[in-house]
Amino acid sequence: MEAKHEATHRDTVFAGRLAPRRAELEQLFRSLYGDSPEFNHFERVMAKAHADRPADLKRLDAAREQDPQWYRRGDMFGMTMYTDLFAGKLTDLAKHIDYLKEQHLTYLHLMPLLSMPHPDNDGGYAIEDFDTVDPSIGTNEDLADLTAKLREAGISLCLDFVMNHTASTHRWAKAAQAGDPEYQDYYFCYDDRTIPDQYDAVVPQVFPAAAPGNFTWNERMHKWVMTQFYPFQWDLNYRNPKVFVAMMSSLLHLANLGVEVFRIDAVPYIWKQLGTNCRNLPQVHTIVRMMRIMSEIVCPAVVFKGEVVMAPKELAAYFGTPEKPECHMLYNVSVMVNLWSALANGDTRQLKTQIDKLDALPDNCWFVNYLRCHDDIGWGLDEDVERQLGIDPFKHKEFLYHFYEGMVPGSWSMGELYNYDPASGDARSCGTTASLCGIERAIITHDRPLYERSIQRDLLMHHAMGFLRGFPMLNCGDEIGQLNGWDYKEDPDRVADSRNLHRSKFNWKNAANRDVPGTLPNRLWEGMADVRAMRSDPCFAPDAWVTTWDAHDDGVLAMVRQAGGRTLLGVFNFANRDATATLDSIEGVSLPRTVTLKPYEWKIEVC
């Protein structure tokens with residue numbers, strides 16, 4: 001009788017969440033798929049996922065329904081890592097949770113760990129089974145056990161949801177290659193080049209040098225298949241409702257294993273329409289809105305983080321509106337790039353402009369801020385702003401990637417180019433934060449003054465990033481000053497991808513020195529603790545007002561935060577010289593008239 005009562009209560013909860021949302025959900029579904037019977041299947045998938053959801057996760061759902069701003073609090077502090085590089089398998093990672101707790105992490109983003117082909121998997125972003133952990137990393141049971149232990153430690157787990165494409169070894173792709181027309185319709189497959197050529201005429205190439213074109217000929221199938229990223233990643237056809245429902249089933253399955261945050265990979269690309277550039281189409285927002293409604297019904301504890309590498313004007317749409325929200329938060333790609341640009345140039349004007357554009361977005365827009373992640377630094381700066389500042393966009397980009405390659409006179413950086421295209425002159429940059437800031441070069445050359453200044457640069461960047469609207473996420477190893485992993489060049493499976501320069505095994509030997517005063521790991525470790533202490537101020541409340549301020553010195557970035565009648569000032573000197581920030585007060589914001597700063601120094605003051 002007790003079990004029957006519990007089941008009835010579960011059904012009541014599900015029905016209560018579904019009822020006020022069902023009409024919009026069906027309307028959105030029908031706008032894409034007409035009278036397809038797959039909507040009924042979608043409802044059954046949601047109902048089953050809710051029925052199967054573990055009791056502890058349902059309790060978390062209930063708690064977060066009462067605390068919907070949980071991911072916007074000032075104590076949010078994240079880290080991203082590859083499971084195998086950090087510890088080995090999921091079970092090994094679970095043994096290191098104390099290390100994560102030492103840093104007071106509340107958010108852990110594990111790089112893709114679902115079943116993938118080896119070795120060609122684009123760092124895990126080519127997935128052949130969305131429901132199963134890759135055997136090299138562990139099992140589904142290991143993942144569920146890890147998420148439970150992380151929750152107990154107050155840490156929410158984030159996983160990528162790679163919904164734009166599957167691996168060419170996915171069972172759907174295998175069926176398509178075997179000639180099954182049903183599964184060929186899960187992708188974009190064409191007998192000849194007629195339609196592919198029409199797409200290619202207007203659709204930009206993602207990797208024109210490493211993977212030119214948007215289609216790959218499949219000899220077994222005797223068809224052209226859309227592969228916007230790499231030939232072994234087949235783009236999914238979301239015009240087929242079966243694809244949408246199947247992918248949502250997998251997402252809910254992962255949510256029931258305890259995943260609390262999903263990074264929606266390459267979300268602007270997921271809808272393709274002939275005659276368009278297949279980016280940021282309205283149907284993308286329809287799908288993301290359906291995902292948000294689905295999660296609010298089945299698993300309200302779950303939040304979505306979009307990967308939207310687009311101009312600021314494109315970003316607000318991915319948050320939806322307060323009445324009809326989509327993503328909870330986005331990666332702050334544009335400010336990350338501008339932080340590195342400002343550091344190389346000693347000029348914060350473009351950084352300030354970019355921050356202003358993001359701060360001007362509606363209050364429902366929230367960002368995950370970072371300096372480095374698994375990916376490269378793509379120099380997608382705002383060319384219109386550059387021209388207004390008298391900067392040649394092409395020459396500037398060329399300067400930046402050569403600067404961080406260490407090939408510009410006076411550069412202190414040690415990095416590598418990624419995806420260099422000699423035809424267009426385009427390239428991206430790779431390297432760890434410490435190496436890009438000059439620490440590696442200083443160690444190699446035994447240059448003590450450079451060493452001290454490079455550590456200062458590293459900590460400046462982290463403090464500036466931590467002061468921004470949103471919450472900070474470290475790349476694993478940054479907290480101990482991990483340097484580039486040049487040994488990737490000796491591995492035939494990794495040597496072709498220079499991003500492996502900053503995808504190296506975690507240095508546990510160095511980490512053991514984090515409590516040894518004066519060591520590099522200790523100085524970076526204490527620096528990250530200082531960032532967290534800074535963010536404990538009440539001015540980091542979710543509803544805080546954040547803005548840049550004119551420092552009357554192009555080398556200095558000044559920012560102001562206000563909450564509850566309290567004002568916090570942050571000034572950050574990106575120039576390799578002494579600087580003085582001259583600050584104007586206005587009604588309601590009383591600031592010190594001047595703040596003096598040494599090279600790469602920052603100051604945080606309560607005003």
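The values are calculated or read from the model by the stated rules, or taken from the named source; none is laboratory data. All figures in this text were calculated on a predicted structure; none of them were measured in a lab. FYI the Cβ positions are ideal-geometry reconstructions off the backbone, even for glycines, and counts take in every protein chain you see. The protein model used for the area step is the full one, side chains on, heavy atoms only, and it has no ligands, DNA or RNA in it. Shrake-Rupley method; radii C 1.70, N 1.55, O 1.52, S 1.80 Å.
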Filter result for PRO231 (at pLDDT 95 or above and within 22 Å of ARG30 (Cβ to Cβ)): no
Matching option when the condition is surrounded by 17 or more Cβ atoms within 10 Å (Cβ to Cβ), among the hydroxyl-bearing types (Ser, Thr, Tyr), within 30 Å of TRP271 (Cβ to Cβ) and within 19 Å of the chain's Cα centre (by Cα), among TYR33, TYR71: TYR71
Can you tell me which residues in region 87-129 are open to solvent by 50 Å² or more (accessible area, probe 1.4 Å), closer than 24 Å to VAL368 by Cβ and not charged (D, E, K, R)? HIS96, HIS104
Kindly provide the set of residues from region 40-94 that are farther than 23 Å from GLY485 by Cβ and outside any helix (DSSP H, G or I), ordered by number. ARG53, PRO54, ASP67, PRO68, GLN69, ARG73, GLY74, ASP75, MET76, PHE77
Does region 238-248 contain any residue that is at pLDDT 95 or above, crowded, with 18+ Cβ neighbours inside 10 Å and touching a Cys at 6+ places or on another chain (Cβ under 7 Å)? no
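Residue-by-condition table, conditions (1) surrounded by fewer than 23 Cβ atoms within 10 Å (Cβ to Cβ); (2) under 13 Å from the mean Cα position of the chain (by Cα); (3) on the phi < 0 side of the Ramachandran plot; (4) free of Cβ contacts under 8 Å to residues at least 40 places away in the same chain:
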site	(1), (2), (3), (4)
LEU257	yes, no, yes, no
ILE264	no, yes, yes, no
ARG279	yes, no, yes, no
PRO282	yes, no, yes, yes
ARG289	yes, no, yes, no
VAL298	no, no, yes, no
GLU314	yes, no, yes, no
GLU323	yes, no, yes, yes
GLU326	no, no, yes, no
Check region 270-277 and report whether any residue there is under 28 Å from PHE14 (Cα atoms), at pLDDT 95 or above, surrounded by 21 or more Cβ atoms within 10 Å (Cβ to Cβ) and within 20 Å of the chain's Cα centre (by Cα). no
Restricting region 580-607 to residues that are touching a Lys or Arg at 6+ places or on another chain (Cβ under 8 Å) and either touching a residue at least 60 places away in the same chain (Cβ under 8 Å) or open to solvent by less than 10 Å² (accessible area, probe 1.4 Å) (or both), the one farthest from ALA464 (Cα to Cα) turns out to be LEU583
From the set of residues in region 155-177 that are without any contact (Cβ under 8 Å) to a residue 24 or more places away in the chain and farther than 16 Å from PHE244 by Cβ, which is nearest to the chain's Cα centre (by Cα)? LYS174
GLN388 fails exactly one of the following numbered conditions: (1) closer than 30 Å to GLN562 by Cβ; (2) of a type outside the set (A, V, I, L, M, F, W, C); (3) open to solvent by 40 Å² or more (accessible area, probe 1.4 Å); (4) in contact (Cβ under 8 Å) with a residue 60 or more places away in the chain. What is the number of that condition? (4)
When you look at SER341, is it open to solvent by less than 10 Å² (accessible area, probe 1.4 Å), closer than 22 Å to VAL243 by Cα and modelled with pLDDT of 95 or more, yes or no? no
Counting only residues that are in a strand (DSSP E or B) and open to solvent by 10 Å² or more (accessible area, probe 1.4 Å), which one in region 419-432 is farthest from LEU460 (Cα to Cα)? ASP421
Residue that is farthest from LYS603 (Cα to Cα) [pool: residues in region 433-489 that are among the polar types (S, T, N, Q) and assigned to a loop (DSSP other than H, G, I, E, B)]: ASN484
What is the number of the single condition among (1) open to solvent by 10 Å² or more (accessible area, probe 1.4 Å); (2) at negative phi that ARG457 does not meet? (1)
Looking at region 139-228, what strands (runs of 3 or more DSSP E) fall wholly within it and have at least 1 residues that are over 28 Å from GLY425 (Cα atoms) and basic (Lys, Arg)? 223-226
Filter region 501-517 down to the residues that are more than 16 Å from MET528 (Cβ to Cβ) and touching a residue at least 40 places away in the same chain (Cβ under 8 Å) and list them by number. LEU501, HIS502, ARG503, SER504, LYS505
